[in-house]
Amino acid sequence: MKAKSTFTQAILVKNWLSENQRFGVKWTVENEDPGLFINGANTIDLVANSSKEYKINFYSLKPIVQKLNVYFRNQDTNEYIFYKINLTIQPADIQGKLEMISVVRESCMKLITIENLLSK
């Protein structure tokens with residue numbers, strides 16, 4: 001994926017029991033970077049002997065390489081399944097070009113607003 005754009009990864013989760021299951025979802029990131037944002041539902045419900053896609057969203061402010069573990073755990077039986085995801089985030093595309101033309105020795109100004117998404 002590219003930095004500064006949202007990417008959605010679908011993970012196919014199977015229910016191996018002949019009864020409905022509710023999985024709690026948690027993820028861990030190795031060497032967590034504050035510029036990486038991850039969003040997804042906290043639970044997923046599956047009917048007996050079926051499969052369903054779980055969608056997890058990623059957004060990164062810069063190019064990085066991360067390893068992510070996603071755990072699906074049945075809160076009643078403590079059975080679980082997990083997936084390992086390797087994220088490779090490439091540099092962002094150019095957002096746009098700003099062209100300013102001015103006569104020699106004459107000032108030229110342009111207001112550029114930049115939002116800081118981090119707490120620092």
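The values are calculated or read from the model by the stated rules, or taken from the named source; none is laboratory data. The structure displayed is predicted, hence computed values, not measured ones. Glycine gets a Cβ as well: all are built from the backbone with ideal geometry, and neighbour counts include every protein chain shown.
One line per residue, one yes/no per condition, for (1) more than 20 Å from the chain's Cα centre (by Cα); (2) closer than 14 Å to residue 11 by Cβ; (3) without any contact (Cβ under 8 Å) to a residue 24 or more places away in the chain:
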residue	(1), (2), (3)
48	yes, no, no
59	no, no, no
78	yes, no, yes
82	no, yes, yes
89	no, no, no
94	yes, no, yes
98	yes, no, yes
107	yes, no, yes
116	no, no, yes
Index of the failed condition, residue 24 passing every other in (1) touching a Ser or Thr at 6+ places or on another chain (Cβ under 6 Å); (2) modelled with pLDDT under 95: (2)
